[in-house]
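Laboratory data are not the source of any read-out in this text; all were calculated from the coordinates shown. Just so it is clear, the structure is predicted and the values come from calculations on it, not from any experiment. Neighbour counts run over all protein chains shown; Cβ positions are idealised from the backbone, glycine included.
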Amino acid sequence: MKCPKCNTVLQIETRNGKEIRTCNNCEYLEVIKIEEEDNKKDIDETYKQYDLFGNITEVKKVKTSKDSLKIYPLSVFDSKQGKWLQRKKDWKKMFKFDYEGRKTGITYAGKVGTMINEGISVFDPVLCELSYKWFCPKNGKILDPFAGGAVRGIVAEHLGFKYTGIDLSEKQIGINNKKAEILKLKPKWIVGNSLDINKLVKDNDFDFFYTCPPYYNLEHYTEDSKDLSNYTSYNNFLKEYKTIIHTSLSKLKNNRFAGIVVGNFRDNDGFVHDFAGDTTRMFEEANFKLYNDCIYLQAIGTAYIRSKSGFKYRKIMKIHQHLLIYYKGITSDIPNVMNK
């Protein structure tokens with residue numbers, strides 16, 4: 001094989017699954033990923049764990065979404081690890097369609113919109129699975145006041161839980177229902193504003209609150225003036241957000257957990273809103289005390305590249321969110337509640 005620039009014979013070597021082609025006569029360099037057909041099946045049937053030096057430390061057979069997921073209950077969830085990525089693939093195969101959240105019909109608040117997974121609202125089904133299995137009683141009822149896409153509802157119903165989600169977008173819920181119908185699952189999605197949750201949801205016997213709220217005006221979901229993403233003042237946003245949180249929590253049974261995935265974000269001047277802290281203060285006002293504070297590490301994607309421009313103003317690129325778990329009740333009753 002010859003160099004396309006100077007026609008000199010290329011030097012070729014294989015390293016870490018890549019073919020590296022270099023020219024000793026000019027500066028030509030080409031790196032090509034090797035895809036071996038015989039290995040594709042093996043890749044699908046195994047997942048790999050790596051140490052800090054990139055060496056494979058563990059290889060096991062793939063488990064399906066119905067099998068137990070052996071993730072240790074530690075405070076950092078790394079979604080980039082092989083075990084996590086393989087489980088995510090298992091969920092995607094089960095869903096039979098793109099399991100990600102809203103990709104269309106959303107506008108973003110300038111460059112800050114890239115903070116959440118490069119500008120796309122996505123909810124991780126593995127994080128969802130762990131949250132349900134760890135903090136909701138078996139066959140329990142789950143309430144989600146900011147439903148969004150289909151992931152949380154479908155994962156809940158597939159695992160044997162009963163899900164009720166509320167969302168302003170009739171179009172989004174229509175899409176969610178079609179996806180659930182394909183899988184012969186029946187999550188309950190309600191079109192409406194969670195400020196009216198007492199009118200929309202009559203039940204007061206939920207076992208778990210779980211949601212991912214809008215990050216103020218970072219993403220604009222609908223043109224509805226009551227949509228929290230359309231509020232022009234962060235303080236006004238927090239006021240309505242607090243009402244939804246408190247009303248939703250009032251519908252849980254005693255001795256129950258509540259979980260929420262949130263992240264801090266910057267305002268237009270570059271300062272960070274303590275959204276996670278504001279959220280915790282609201283929960284504590286409703287007598288739900290912070291029980292677990294976990295970090296969810298997201299895929300890095302183009303964060304390395306984007307961090308270069310942001311660091312001109314000494315901004316650290318954010319690649320994590322918080323999974324906050326709260327509890328209301330007597331802690332000594334937790335084992336009995338979770339074993340029901």
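Of note:
- Members of the range 293-308 that are in contact with a helix residue (DSSP H, G or I) (Cβ under 9 Å, 6 or more places away or on another chain) and surrounded by fewer than 16 Cβ atoms within 10 Å (Cβ to Cβ): Asp293, Ala299, Gly301, Thr302
- Of all residues in the range 137-161, those being buried (at least 24 other Cβ atoms within 10 Å of the Cβ) and within 16 Å of Leu69 (Cα to Cα) number 2.
- Of all residues in the range 246-281, those being surrounded by 15 or more Cβ atoms within 10 Å (Cβ to Cβ) and assigned to a strand (DSSP E or B) number 13.
- Of all residues making up the range 162-174, the number that are surrounded by fewer than 17 Cβ atoms within 10 Å (Cβ to Cβ) and under 17 Å from Phe146 (Cβ atoms): 2
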